[in-house]
Amino acid sequence: MTAVPQGSIPVTAQAAIHILDDDLSVRRSVERQLRACGWPVRTYATVNEFVASNASMHPGCLLLDLRMPDVSGLDVLQRLESERSPLAVVIISGFGDVPTTVRAMRLGAIDFLTKPLSDERLVAAVSAAVASSLASVDVLSRDRESAHRMRQLTPRQREVCELVATGLLNKQIAAQLGISIKTVKVHRARVMSSLQVASVADLVRLVDRAHMTVA
């Protein structure tokens, strides 16, 4: 049994490892190796099986063969990207050509392993992928919370918030909205309190995250 490398992410019930490869021998050997390290593992022989599982909705790692008989691995990557899936993808392929690797990385894959797979390299890649996936889930959760807080603001507070985030001064905001500086200060204070931020820098980051979530 291969030990999990030092510094890797511990096994967690929050994340599963998914193997999408039409080669039964590859699926079995990789599954055996990862289960020996304590990972929960699920395997799929076709893209349709994987899609039907709804695995893309949850954090974890997808070990993806680029050359599938029904749909290409690059198409799977594009689908996951459009869905904003929290899965982190590690490509596994017997054909490590540079152009394909570059395209896969541009579509969000975080690593590329060439068959036959090294046990140590496999476990290290999966550990890094799970860490990346869980981190992305944390970020998405914070972004959704930011968007929720923004929606709780009144229309006027939202206007003031957006203008503060662009760097305008109170007097500039007052002139643009046709209200007094004192009123701007009141709205600004309520915005900072409602959004639970202590500085303009924090406000800008929160507004940016909220916008990215809505987009």
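The values are calculated or read from the model by the stated rules, or taken from the named source; none is laboratory data. Remember, it's a predicted structure, so these values are computed and weren't measured experimentally. Because the Cβ atoms are built from the backbone with ideal geometry, glycine has one as well, and the counts that use them run over all protein chains shown.
Couple of notes before you dig in:
- Any hit, region 129-136, residues being assigned to a loop (DSSP other than H, G, I, E, B), within 20 Å of the chain's Cα centre (by Cα) and within 30 Å of residue 206 (Cα to Cα): no
Residue-wise test of (1) surrounded by fewer than 21 Cβ atoms within 10 Å (Cβ to Cβ); (2) in contact with a helix residue (DSSP H, G or I) (Cβ under 7 Å, 6 or more places away or on another chain).
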| site | (1), (2) |
| --- | --- |
| 19 | no, yes |
| 25 | yes, no |
| 34 | no, yes |
| 50 | no, no |
| 53 | yes, no |
| 60 | no, yes |
| 63 | no, yes |
| 66 | no, yes |
| 74 | yes, yes |
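- Positions within region 28-76 being outside any loop (DSSP other than H, G, I, E, B), of a type in the set (A, V, I, L, M, F, W, C) and under 18 Å from residue 130 (Cβ atoms), in sequence order: 30, 34, 36, 41, 50, 55, 57, 61, 62, 63, 64
- Failed condition for residue 103, given (1) surrounded by fewer than 18 Cβ atoms within 10 Å (Cβ to Cβ); (2) over 17 Å from residue 19 (Cα atoms); (3) touching a residue at least 24 places away in the same chain (Cβ under 8 Å); (4) touching a strand residue (DSSP E or B) at 6+ places or on another chain (Cβ under 9 Å): (4)
- Positions within region 76-90 being surrounded by 18 or more Cβ atoms within 10 Å (Cβ to Cβ) and within 11 Å of the chain's Cα centre (by Cα), in sequence order: 80, 85, 86, 87, 88, 89
- Residue 22 being modelled with pLDDT of 90 or more, in the same structural domain as residue 89 (by TED's automatic domain parsing) and assigned to a loop (DSSP other than H, G, I, E, B): yes
- Close pairs (9 angstrom Cβ cut-off, 6 or more residues apart or separate chains): in contact (Cβ under 8 Å) with a residue 12 or more places away in the chain in region 180-203, acidic (Asp, Glu) anywhere: 187/159; 195/202; 196/202
- If the condition is being more than 19 Å from residue 30 (Cβ to Cβ), within 21 Å of the chain's Cα centre (by Cα) and of a type outside the set (D, E, K, R), then region 91-124 contributes 101, 102, 105, 107, 108.
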